[in-house]
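Worksheet for the structure shown next.
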Amino acid sequence: MATKIDIQAKEIYCEITGRKYILLVLLAVACVFTLIIDILVGPAWLSIREVFSAIFMANSSDPTTHVIVWTIRLPIALMAIVVGATLGIAGAEMQTILDNPLASPYTLGVSAGAGFGAALALVLGVGIVPYAGEYLVSINAFFFSLLTCLLIYFIGKARRVTAETMILAGIALLFLFHSLLALLQYIATEEALQAIVFWLFGNLMKTTWPKLGIVAAVLIIVVPLLAKDAWKLTALRLGDEKAKSLGIDVEKLRLKAFILISLLTAAAVCFVGTIGFIGLVGPHIARMLVGEDQRFFLPMSALGGALLLSAASIGSKVIIPGAVFPIGIVTSLIGVPFFFSLILTKRRGYW
Amino acid sequence: MVRLEIKNLKFSYNSKPVLKNINIKVSPGKITAVIGPNAAGKSTLLKCIAGIIRPEGNILIEGKEINTIKKDNITKLVSYLTQESSARAVLSVFEVVLLGRLHSLSWKVDDDDLEVVWGILKELGIHKLASRHFNELSGGQRQMVSIAQALVREPKILLLDEPTNNLDLQHQLEIFDLIRELSVERNITTIITLHQLNMAARCADELVILNNGEVYAAGKPESVLTSEMVRSVYGVNARVNIGEDDGIPQIIPINSVRSKRLA
Ligand SMILES: Nc1ncnc2c1ncn2[C@@H]1O[C@H](COP(=O)(O)OP(=O)(O)OP(=O)(O)O)[C@@H](O)[C@H]1O
Ligand SMILES: [Mg+2]
């Protein structure tokens, strides 16, 4: 009898998780697909054969193609995947710990903080770290997004670390940084103004291998730390009280996750600028597809974000042939219709 | 033997006293029902025992002060059903119940845990809901799932805050039967809160009547449930009938003392 129950239990469990594994694989395949197309598409279209030989057979390939693929296409295409995944995860965990579907790096002012930091560097040449050279803007953006996160946390903590206070703090900071940014734009020279606007659009074009390496490293370090708390984060969705009764130190978990999220967000936005839609929608796609068991929700949010940004990267190159559109503009253009179609075809009950 | 002892327990929310000097002793294998009007402090009392809020005074589990027991161990000993459960999580019923076993979950879920979850789902007759989404269930179905989540932890102390909320008559009776069965079989100390006095009289071994953060009376249902108590605690005039065959008191409300209409 006991063994019979056992078998049924496993069957049900496999039925529930099996579908999710399949979806994960499907989305991963889709990401690989967009990644490849992203490498092929550009001012000069390449064939799969050319790209393949440039990547895997360095000696026999055409030198120009080799340069295009290795110094431009590959890092940018990979950056789209990595930044998309990073923003997807950051958004997913923000929504989880703040118990709010509107939470994302963008809506909580973290991107605005980063934008202000970048603008400071662009307008006044003021950097957090002296002699940063090429990285001045990025370092500023990085620190200001961390600063924004810290402010959100400590303002939230001044009362109690509840979701509501943190969200309110984030939204207030969004407005603060927007007006500070406007102030900088107001006093900026024509040239600096253009640089700011360009930064705010969000852009993958300045990607280099070291930059890609930094973002990827942060992602690789942070994800296992989040994954370790997967069940606890899942339990948090049942409400603070329930989570506490299950033995979770809710405030500690929230702080830990928030620090990790801050790092992810800062790393993602500091090199590519403001890309708004991914952190909000990646998690929503994941939630609709696999629900909120973090063991699936976390990787799915990453894949959702990566897929969206990778697709947007392709879109940014084909909208106007020969030119590259700022990707921050394209994400929403591609993402919104996609998102609406998901919402309209799915059942109710997701927030 | 005393499983759970509460001594001089006091608790205030923002310096407003909610529990004032509570003393209760509970034995294993028994069901204690905490009853009392709204805002009497019933839920607050359960939260203190569950370790969610820290009161003044002593809570002793098997003679050990709760503050000296490691948090993980308290979690294993005590299981708590909240009065309300958030319906926003996008999780299947199976996953929600599985979360009850949080203390033993790792990335790959053990077969043991799966088996226990499935067992309790069957026992409660909600195994057909296993792959449905929690947030798409009816209020009563959700309540059954939450109860399953509390039971799946195999605790020594079971705290249920209004477990029969949203449940129809049949389910109410089934839940109480199951709770009784489990309490006796596994020697669990069960404390429930509820509002239906007659149900409490029928199902509990002991009643604790909480009024304004104080224990008004405690003891066997037949000694505690009097028309005098109902009038002074609830402000309701009532008649008490004693069941001829089982001796269980039954309360028949007549009117509120505030009511202008006469019975
Ligand atoms: N989080 C809180 N903050 C401040 N006051 C609270 C909080 N929770 C409960 N209270 C107050 O504590 C008192 C007791 O509340 P409690 O929830 O224990 O009542 P209860 O007996 O469970 O009532 P009910 O039958 O309505 O569930 C009430 O006056 C309530 O307003
Ligand atoms: Mg209550």
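Filtered by the rule that a residue be farther than 20 Å from B:Ser43 by Cα and either in contact with an Asp or Glu (Cβ under 9 Å, 6 or more places away or on another chain) or not assigned by TED's automatic domain parsing to the domain that holds B:Ile74 (or both), segment B:157-179 gives a lone residue, B:Leu178.
For the criterion of being assigned to a strand (DSSP E or B), within 12 Å of ligand 1 (Cβ to nearest atom), over 28 Å from A:Leu236 (Cα atoms) and more than 9 Å from chain A (Cβ to nearest Cβ), B:Lys20 passes. Selection of first residues in segment A:184-198 that are of a type outside the set (S, T, N, Q) and of second residues that are not in a helix (DSSP H, G or I), restricted to Cβ pairs under 9 Å at least 6 apart or on distinct chains, gives the following pairs, ordered by first then second residue: A:Ala195/A:Ala188; A:Ile196/A:Ala188; A:Phe198/A:Gly273; A:Phe198/A:Pro326.
The condition of being more than 14 Å from every other protein chain (Cβ to nearest Cβ) and under 24 Å from A:Gly156 (Cα atoms) holds for only one of A:Val222, A:Val250, that being A:Val222.
Once segment B:75-87 is narrowed to residues that are buried (at least 19 other Cβ atoms within 10 Å of the Cβ) and assigned to a helix (DSSP H, G or I), the residue that is farthest from the other protein chains (Cβ to nearest Cβ) is B:Leu77.
Checking each residue in segment A:314-339 for being under 20 Å from the mean Cα position of the chain (by Cα), part of a helix (DSSP H, G or I) and among the hydrophobic types (A, V, I, L, M, F, W, C) picks out A:Ile314, A:Ile327, A:Ile329, A:Val330, A:Leu333, A:Ile334, A:Val336, A:Phe338, A:Phe339. Scanning segment B:184-201 turns up one or more residues that are among the small types (Gly, Ala, Ser), closer than 30 Å to B:Val97 by Cα and either buried (at least 21 other Cβ atoms within 10 Å of the Cβ) or not assigned by TED's automatic domain parsing to the domain that holds B:Tyr80 (or both).
Among the listed residues A:Ser341, A:Ser316, A:Ser332, A:Ser301, which satisfies the condition of being of a type in the set (S, T, N, Q) and within 14 Å of another protein chain (Cβ to nearest Cβ)? None of the others qualify; the one that does is A:Ser301. On the stretch given as segment B:205-216, residues that are buried (at least 17 other Cβ atoms within 10 Å of the Cβ) and within 16 Å of ligand 1 (Cβ to nearest atom) total 7.
Being polar (S, T, N, Q) and under 19 Å from the mean Cα position of the chain (by Cα), is that true of even one residue in segment B:210-226? Within segment B:210-226, one or more residues are polar (S, T, N, Q) and under 19 Å from the mean Cα position of the chain (by Cα). Residues in segment B:35-79 that are within 16 Å of ligand 2 (Cβ to nearest atom) and in contact with an Asp or Glu (Cβ under 7 Å, 6 or more places away or on another chain): B:Ser43, B:Leu46, B:Ile52. In segment B:97-117, is there at least one residue being touching a Ser or Thr at 6+ places or on another chain (Cβ under 6 Å), over 21 Å from A:Lys20 (Cα atoms) and either modelled with pLDDT of 90 or more or not assigned by TED's automatic domain parsing to the domain that holds B:Gly41 (or both)? No: zero hits.
The residues of segment B:88-116 that are at the interface with another protein chain (Cβ under 9 Å from one of its Cβ atoms), among the small types (Gly, Ala, Ser) and out of contact with any His (no Cβ under 8 Å at 6 or more places or on another chain), listed by number, are B:Ala89, B:Gly100, B:Ser106.
Residue-by-condition table, conditions (1) of a type in the set (Ser, Thr, Tyr); (2) over 30 Å from B:Gly63 (Cα atoms); (3) surrounded by 23 or more Cβ atoms within 10 Å (Cβ to Cβ); (4) in contact (Cβ under 8 Å) with a residue 24 or more places away in the chain:
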site	(1), (2), (3), (4)
B:Glu115	no, yes, no, no
B:Gly119	no, yes, no, no
B:Glu123	no, yes, no, yes
B:Lys128	no, yes, no, no
B:Arg132	no, yes, no, yes
B:Leu137	no, yes, no, yes
B:Gln141	no, yes, no, no
B:Ile147	no, no, yes, yes
B:Lys156	no, no, no, yes
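The values are calculated or read from the model by the stated rules, or taken from the named source; none is laboratory data. What you see is a predicted model; the values in this text were computed from it and never measured. Virtual Cβ from ideal backbone geometry, glycine too; neighbours counted across all protein chains shown.
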